[in-house]
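Contents: one structure, followed by commentary.
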Amino acid sequence: MAELFKSAPLLKKHGLKSTKPRQRVLSVLARLKRPATAKEIYRAIGVRNNDLATVHRILISCERLGIVRATSFNDKSRWYDLSAGHEHHHHLFCTRCKTIDDLSFCRLKYFKKAALQKNGFEIFSHSLEFFGLCRKCRKNGKTVSK
């Protein structure tokens with residue numbers, strides 16, 4: 001397996017011990033640089049080094065602390081990516097080939113201002129994902145798969 005992600009200071013900052021299983025999970029997410037399901041992370045680590053239940057527990061605790069972010073796409077699975085040390089962003093999900101790309105900006109401040117002015121509603125969190133066809137699938141003449 002590739003070098004472990006330097007997760008010890010990050011985990012310590014959030015009050016978690018830097019265990020090998022936690023380091024492995026965060027290392028996979030850092031290496032992939034895209035959202036992944038718990039099963040994908042489990043397979044990437046290797047069955048000898050962990051079990052799926054442990055991966056789930058680690059992801060849930062890291063999500064609660066803001067170390068990872070969970071996203072649900074059309075398939076209703078939970079996908080995780082690192083949020084600590086990464087700027088907030090959204091995702092582009094190809095419904096045909098299932099690739100996921102980052103949309104590296106967010107215009108939430110405009111929505112926050114409008115929601116507060118018009119409805120008196122204060123936004124503190126949001127989720128926004130886009131579904132469609134990637135460039136490769138569009139070039140190959142594929143149609144939208146729902």
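Summary table below
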quantity: Some residue of the stretch 130-139 being without any contact (Cβ under 8 Å) to a residue 12 or more places away in the chain and touching a Leu at 6+ places or on another chain (Cβ under 9 Å); calculated: no
quantity: The stretch 84-117 - residue that is touching a His at 6+ places or on another chain (Cβ under 9 Å) and under 18 Å from GLU40 (Cβ atoms) and, of those, modelled with the lowest pLDDT; calculated: ASP102
quantity: Tally of residues being at pLDDT 85 or above, surrounded by fewer than 15 Cβ atoms within 10 Å (Cβ to Cβ) and outside any helix (DSSP H, G or I) across the stretch 16-42; calculated: 2
quantity: Candidate set from the stretch 43-84 (those that are more than 15 Å from the chain's Cα centre (by Cα) and touching a residue at least 12 places away in the same chain (Cβ under 8 Å)); member that is surrounded by the most Cβ atoms within 10 Å (Cβ to Cβ); calculated: ILE45
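The values are calculated or read from the model by the stated rules, or taken from the named source; none is laboratory data. Bear in mind the structure is a predicted one, so any value in this text is a computation, not a measurement. Because the Cβ atoms are built from the backbone with ideal geometry, glycine has one as well, and the counts that use them run over all protein chains shown.
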